[in-house]
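Visitor: One structure follows; several queries about it will come next.
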Amino acid sequence: MRETTRGTPATILTYLVVGVAALLFLAPFYVMLRAALMTGTQVTDPDWRWLPDPFTLQGFTDLFDDPSVPMAGALGNSFVIAIVTAPVSTLLGSMAGYALARISVPGRGVVMSFIVVTLMIPASATFVPTFVLVSAMGGVDTLWGVIVPGLFNAFSVLLFRNFYLKFPQEIEEAGRLDGLGHLGVYWRLALPNSGALLASLGALAFIESWNAFLWPLVIGQDPESWTAQIALSTFLTSQSINLPALFAGAVVTVLPLVAVFLFAQRYIVQGIAATGMKD
Amino acid sequence: MADTVTARQATATRPAGVRPGRRGRRTDWKAVGAFTLLTAPMVVGLGLFKYTAIGWSFLLSFSEARGTVDLGSWVGFDNYAFLLEDEAFRSSMTGIVLFTIFIVPVTFGMSLGLAVLLHGVRRGRAFFRTGFLLPAAVSYVVAALVWKMSLFNGLPSGVANTIGGLFGWDVQSWIAGTDPPLYWIVIITLRLWLQVGLYMILFLAGLQAIPVHLYEAASLDGASRRAQFRHITLPMLRNTSVAILMLILIAAFQAFDEFYNVFMTTTGNATAPVRPPLVFLYDTALKGQDYGVGSAGAFMLTLLIVLVTLLQGRLVGFGRKD
C-alpha cells in the first residue's frame with residue numbers, strides 16, 4: 001500500500017479521485033462566499049455565474065444593520081462562551097485526571113467509576129432534565145446557564161488520567177525533594193508539561209462549544225442571550241428574502257473557527273485521534 | 001452494587017508501577033485533601049448535571065408533569081404507554097432507524113475509502129487532509145443554511161438543479177417534495193460533509209499504525225493489493241473500525257441540528273417529513289411543556305441506543321472468532 005511509485009496509472013487515478021473529492025468538500029465554502037458577496041438578484045439568477053459581478057459587501061452591512069437578528073451581540077456571546085468553556089473544561093479534566101492517576105487514596109476506584117459511568121449516558125437523555133435543573137437554578141437566558149453544564153467532561157478526565165499514568169516518576173520525585181506537595185507537583189510540574197494534550201482538548205472544546213446548537217437553543221430564549229448559531233438559525237427560518245445577508249451571517253459564523261482550525265490544526269488532528277480511540 | 005464491581009475492575013487494571021510507595025495502613029490526610037480538591041469540581045458537576053438530572057427525569061417519567069417539574073402525581077407507566085401508542089413518536093423512531101441504516105455504512109465506507117486513498121498519497125497529503133477535515137469545523141446550522149438555501153434550494157438557481165439541468169433533468173424541489181423522498185439526499189449528504197473528515201482522520205491514524213513489514217512480507221509472497229487489503233489492512237483496522245462504527249451510530253441516533261434547521265419553516269416544523277426523536281422530545285418537553293412524556297421519551301431513546309450498541313458489540317464479537 002505504501003510504495004507509491006510515481007507516474008503509474010494507479011497513482012494518477014488516486015490523485016484524480018482524491019483531488020475531485022477535495023474539490024467537492026471545499027465547494028460549499030465557495031458557494032457560501034459567492035452568495036455572501038453577491039447582490040440579491042444575482043443569487044437567484046437561474047443563469048449560473050461563477051463569480052459575483054460586481055463584488056459587494058452589502059450583505060454584510062445588511063446583516064449587521066438588521067435589528068431582528070442581533071448578530072453582533074450573538075457573536076460576542078458565542079465568543080465569551082467558547083473562551084470560558086475551552087480552558088475551564090480542559091483544566092477540570094486535567095485536575096481530576098491527575099488525582100486519579102497519581103494520588104493514591106482509599107476510595108479512588110469509587111470516584112473513578114462515578115466519573116466513568118457518566119460516559120454511557122447519551123446527551124439526549126440529559127437535555128430535558130438538565131433544562132429542568134438549570135431553570136430551577138435561574139439559569140434560563142443567562143450565559144452561565146449555557147456554559148456551566150458543559151464544563152464537566154468525563155471523557156477528558158479519562159484521557160488526562162491515561163496521560164498522567166505515563167508521566168515520568170522522576171520528575172515527580174524531584175518535585176517532592178524540593179518540598180512540593182501533591183498540589184504543588186500538579187500545578188508546577190504536571191500541568192505545565194501537559195501542553196500538547198491541553199491544546200488538543202482545548203481546541204476541540206472551543207470548536208464544540210462554538211458550534212453547539214441544541215443546548216443554547218433550549219436555554220437561551222431571549223434574543224439577548226442567543227449564540228451565533230441560534231441567531232443564524234432564527235434568521236434562516238424566519239425570513240429568507242435577503243439571501244446575501246443570510247450567507248454573510250454564515251460566513252461570519254464560520255470564519256473564526258476556520259481561523260482557529262488552520263492555526264491549531266496539528267493539535268486538532270491529535271485531539272481527534274486521541275478522543276476517537278478511547279481504549 | 002454495579003459500582004463496586006467496576007471499582008474493583010478499575011483497581012485491577014491499574015498498572016502496578018504507578019502506585020506511590022505504600023504508607024502502611026495509616027491514612028495520608030494530605031493526599032486525601034489534595035485528591036478531594038482536585039476531583040471535587042468534576043464530581044460535584046457530574047453529580048449535579050448527570051446523576052441528579054437523570055434521577056429527577058427518571059421520576060418525572062412516571063409522573064404527570066405538564067407545565068410543572070414537580071413530582072407527586074404518579075401515573076406509573078402511562079407516559080411510556082402513551083408514547084408507544086403515539087403515531088408521531090413511533091414514526092419518529094422508525095425514521096431515525098431508517099436514517100441510521102443509511103448513514104452508518106455510507107459514512108463508514110466513505111471515510112475508510114478516503115483514508116486508504118490518502119494513505120497512498122505522498123505529495124500534498126497535508127493539503128488534502130486539511131481539505132477533508134475543514135468541514136468538521138463547520139456547524140450543522142451553517143451547513144443546513146448552505147444546503148437549504150443554495151445547494152438544494154429547489155429553485156432553478158440552486159446548485160443541484162443547475163447541475164441537473166446540464167443533464168436535462170427537471171427542476172426538483174428536494175426538501176419540500178416527499179414523493180420520491182429526495183429530502184433524504186439533502187439530510188445524508190449534509191451529515192457526510194460534516195463528519196467524513198473526522199472519521200477519516202481516525203482511520204488514517206489506524207492505517208499508520210500498521211507495521212510496513214507486513215505488507216513487504218505479503219508482497220514477497222506474491223499477494224495482490226486486493227489480497228493485502230483484505231488480509232492485512234482490514235483485520236488490522238478491526239479495533240479502529242469498531243470504535244468508529246460505535247461513534248457514527250450513537251451520533252446518528254441523536255441527530256437534531258440538521259433536521260431542525262433543514263425542515264423548519266416560518267410556521268414551525270409541523271410539516272417536517274421526518275421528526276427524529278430529539279426533535280420530537282424538544283417539541284414535547286420544551287415547546288409543549290410536557291416534562292413527564294418528554295422524560296419517558298428520553299429514556300426510551302437511551303434504551304434503544306444502549307440496545308443497539310450492545311447488539312453491535314455482540315455481532316462484532318462473534319465475527320472475531322473466525
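Visitor: Looking at the range A:96-112, can you tell me whether even one residue there is modelled with pLDDT of 95 or more, in the same structural domain as A:Pro216 (by TED's automatic domain parsing), within 24 Å of the chain's Cα centre (by Cα) and of a type in the set (A, V, I, L, M)?
Guide: yes
Visitor: Would you point out which residue out of A:Ile241, A:Ile219, A:Ile268 is under 21 Å from A:Phe155 (Cβ atoms) and not charged (D, E, K, R)?
Guide: Details: A:Ile241 fails: under 21 Å from A:Phe155 (Cβ atoms); A:Ile219 fails: under 21 Å from A:Phe155 (Cβ atoms).
From the options A:Ile241, A:Ile219, A:Ile268, the qualifying one is A:Ile268.
Visitor: Applying the selection to the range B:245-292, what residues are more than 10 Å from chain A (Cβ to nearest Cβ), part of a helix (DSSP H, G or I) and in contact with a Phe, Trp or Tyr (Cβ under 7 Å, 6 or more places away or on another chain)?
Guide: B:Leu245, B:Ile248, B:Ala252, B:Phe280
Visitor: Of the residues A:Val105, A:Val128, which single one is free of Cβ contacts under 8 Å to residues at least 24 places away in the same chain, in contact with a Ser or Thr (Cβ under 6 Å, 6 or more places away or on another chain) and facing chain B (nearest Cβ under 8 Å)?
Guide: Within the list A:Val105, A:Val128, the selection yields A:Val128.
Visitor: Looking for something assigned to a loop (DSSP other than H, G, I, E, B), more than 8 Å from chain B (Cβ to nearest Cβ) and crowded, with 22+ Cβ neighbours inside 10 Å - is there at least one such residue anywhere in the range A:155-175? Quick ask: steps written out before the conclusion?
Guide: Filtering the range A:155-175 for residues assigned to a loop (DSSP other than H, G, I, E, B) gives A:166-168.
Add one more test, that the residue is more than 8 Å from chain B (Cβ to nearest Cβ), and what stays is A:166-168.
Now restrict to residues that are crowded, with 22+ Cβ neighbours inside 10 Å: none.
No - not one qualifying residue is present in the range A:155-175.
Visitor: Can you list residue pairs whose Cβ atoms sit under 7 Å apart, with the first residue in the range B:40-62 being in contact (Cβ under 8 Å) with a residue 12 or more places away in the chain and closer than 22 Å to B:Gly294 by Cβ and the second being crowded, with 21+ Cβ neighbours inside 10 Å and among the hydroxyl-bearing types (Ser, Thr, Tyr)? Count only pairs 6 or more apart in sequence or on different chains.
Guide: Taking only residues 6 or more apart or on different chains, the pairs are B:Ser57/B:Ser295; B:Leu60/B:Tyr291; B:Leu60/B:Ser295; B:Ser61/B:Ser295.
Yes/no per residue for (1) facing another protein chain (nearest Cβ under 10 Å); (2) within 20 Å of the chain's Cα centre (by Cα); (3) part of a helix (DSSP H, G or I):
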position: B:Arg123; (1), (2), (3): yes, no, no
position: B:Gly131; (1), (2), (3): yes, no, yes
position: B:Val142; (1), (2), (3): yes, yes, yes
position: B:Leu145; (1), (2), (3): yes, no, yes
position: B:Met149; (1), (2), (3): yes, no, yes
position: B:Pro156; (1), (2), (3): yes, no, no
position: B:Thr162; (1), (2), (3): yes, no, yes
position: B:Trp174; (1), (2), (3): no, no, no
position: B:Thr178; (1), (2), (3): no, no, no
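Visitor: List the pairs whose first member sits in the range B:85-105 and is loosely packed, with under 13 Cβ neighbours inside 10 Å, whose second member is not aliphatic (A, V, I, L, M) and not in a helix (DSSP H, G or I), and whose Cβ atoms are under 8 Å apart, counting only residues at least 6 apart or on separate chains?
Guide: B:Ala88/B:Arg275
Visitor: Within the range B:176-191, can you find the residues that are at pLDDT 85 or above and not aromatic (Phe, Trp, Tyr)?
Guide: B:Pro181, B:Leu182, B:Ile185, B:Val186, B:Ile187, B:Ile188, B:Thr189, B:Leu190, B:Arg191 - these are the residues of the range B:176-191 that are at pLDDT 85 or above and not aromatic (Phe, Trp, Tyr).
Visitor: If the Cβ limit is 8 Å and pairs must be 6+ apart or interchain, which residue in the range A:65-94 that is farther than 25 Å from A:Gly202 by Cβ pairs with which residue that is surrounded by fewer than 22 Cβ atoms within 10 Å (Cβ to Cβ) and at pLDDT 95 or above?
Guide: As it stands, the answer is A:Met71/A:Val252, since those pairs meet every condition given.
Visitor: Would you mention how many residues in the range B:217-234 are part of a helix (DSSP H, G or I) and either loosely packed, with under 12 Cβ neighbours inside 10 Å or touching an Asp or Glu at 6+ places or on another chain (Cβ under 7 Å) (or both)?
Guide: 2
Visitor: Within the range B:42-49, can one find any residue that is over 27 Å from the mean Cα position of the chain (by Cα) and facing chain A (nearest Cβ under 9 Å)?
Guide: Filtering the range B:42-49 down to residues over 27 Å from the mean Cα position of the chain (by Cα) leaves none.
No, the range B:42-49 contains no residue that is over 27 Å from the mean Cα position of the chain (by Cα) and facing chain A (nearest Cβ under 9 Å).
Visitor: Further question: Restricting to the range A:67-95, count the residues that are over 21 Å from the mean Cα position of the chain (by Cα) and surrounded by fewer than 22 Cβ atoms within 10 Å (Cβ to Cβ).
Guide: The qualifying residues number 3.
Visitor: Only residues that are part of a helix (DSSP H, G or I), touching a Gly at 6+ places or on another chain (Cβ under 8 Å) and farther than 30 Å from A:Met112 by Cβ: list them for the range B:44-80, please.
Guide: Selection gives B:Asn79 alone.
Visitor: Quick check, is A:Leu63 in a helix (DSSP H, G or I), more than 11 Å from chain B (Cβ to nearest Cβ) and either touching a helix residue (DSSP H, G or I) at 6+ places or on another chain (Cβ under 9 Å) or on the phi > 0 side of the Ramachandran plot (or both)?
Guide: Yes; evaluated as a whole, the condition is true for this residue.
Visitor: Can B:Ser63 be described as within 13 Å of another protein chain (Cβ to nearest Cβ) and within 26 Å of the chain's Cα centre (by Cα)?
Guide: Details: within 13 Å of another protein chain (Cβ to nearest Cβ): yes; within 26 Å of the chain's Cα centre (by Cα): no.
It is false that B:Ser63 is within 13 Å of another protein chain (Cβ to nearest Cβ) and within 26 Å of the chain's Cα centre (by Cα).
Visitor: Here is a list of conditions, (1) modelled with pLDDT of 90 or more; (2) in a helix (DSSP H, G or I); (3) farther than 22 Å from A:Pro28 by Cβ, and B:Gln195 meets all of them except one; can you say which number that is?
Guide: The one condition B:Gln195 does not meet is (3).
The values are calculated or read from the model by the stated rules, or taken from the named source; none is laboratory data. These figures come from a predicted structure and were not determined experimentally. A quick note on method: Cβ atoms are made from the backbone with ideal geometry, for glycine too, and the neighbour counts reach across all protein chains shown.
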